[in-house]
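What follows is a short report on a single structure.
The values are calculated or read from the model by the stated rules, or taken from the named source; none is laboratory data. Quick caveat: nothing in here was measured; it's all calculated off a predicted structure. Using ideal geometry, Cβ is built from the backbone for each residue, glycine included, and neighbour counts are taken over all protein chains shown.
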Amino acid sequence: MNFRELENIENLASSNETITSGFHQEIIADYLEKEKRKSVSKENPFFYFYEDVISNSLTYNFQMALGNNYYKNASDDALSCLTICNDFYRLSNWSVNGWLQNALKFIDNLVLHYIQDIAMEIPKKYKGFGVEKSRYIQLSEKTGDISTVGYKLKDLYDLRNDLEHRTIIHPDGKQELVPPKRNKVRQIVVKLYPDVLNRILKVYKESNNPR
């Protein structure tokens, strides 16, 4: 049964209560809502993703601020997140790992643009850290909201690494894969990631104000 067929059934059920039960109507309505969310999210994934995470209207024109290249790359990463889950606060424990990988890539576009085009700096490379974490450290060395963004992104990056690298090597050489505490991971992500996006939004608004 496709989306159009279900929509026709819903309309018919609304006009004739005997056709289907309230329970079936609820299932159909839920399905239609999910399909509508998928359709809307694909039209402008950057915009939809940002609003979905911060649970607020996005009045700032990131496309103008970032330029086409950064914006398109971030939109692609946003779409990857939305393909996994298009309702942030319904993100499941089982999908949080793949979602977080793409969510960090999404925000890396904003971080790189901030460092290179707003702060007018060359990204630093810190000894013992990769390029991604080095960018977050560079932000954390600043002041205000952008410094907090750096610290929280470091925490999210370390969390992602913990999810990826779960092998313990015992003294006898045997290896063991440690299962992640997925529920705890989700709780941390839901707490930190929206705050990061809200602070990034505030920083961009203070830096310039495209409409």
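Odds and ends about this structure:
- Count of the stretch 126-146 residues, restricted to those that are farther than 20 Å from residue 99 by Cα and surrounded by 14 or more Cβ atoms within 10 Å (Cβ to Cβ), is 11.
- Any hit, the stretch 11-29, residues being at pLDDT 60 or above and either within 25 Å of residue 191 (Cα to Cα) or surrounded by 15 or more Cβ atoms within 10 Å (Cβ to Cβ) (or both): yes
- Per this entry, residue 95 is counted among residues that are at pLDDT below 95 and touching a Cys at 6+ places or on another chain (Cβ under 6 Å).
- Qualifying residue in the stretch 59-74 (condition: under 21 Å from residue 192 (Cα atoms) and under 12 Å from the mean Cα position of the chain (by Cα)): yes
- You will find that of 161, 208, the residue that is under 29 Å from residue 59 (Cβ atoms) and surrounded by fewer than 18 Cβ atoms within 10 Å (Cβ to Cβ) is 208 and no other.
- Qualifying residue in the stretch 168-181 (condition: among the charged types (D, E, K, R), in the same structural domain as residue 85 (by TED's automatic domain parsing), within 24 Å of the chain's Cα centre (by Cα) and over 19 Å from residue 114 (Cα atoms)): yes
- Selection within the stretch 166-181 - surrounded by fewer than 10 Cβ atoms within 10 Å (Cβ to Cβ), part of a loop (DSSP other than H, G, I, E, B) and modelled with pLDDT under 80: 179
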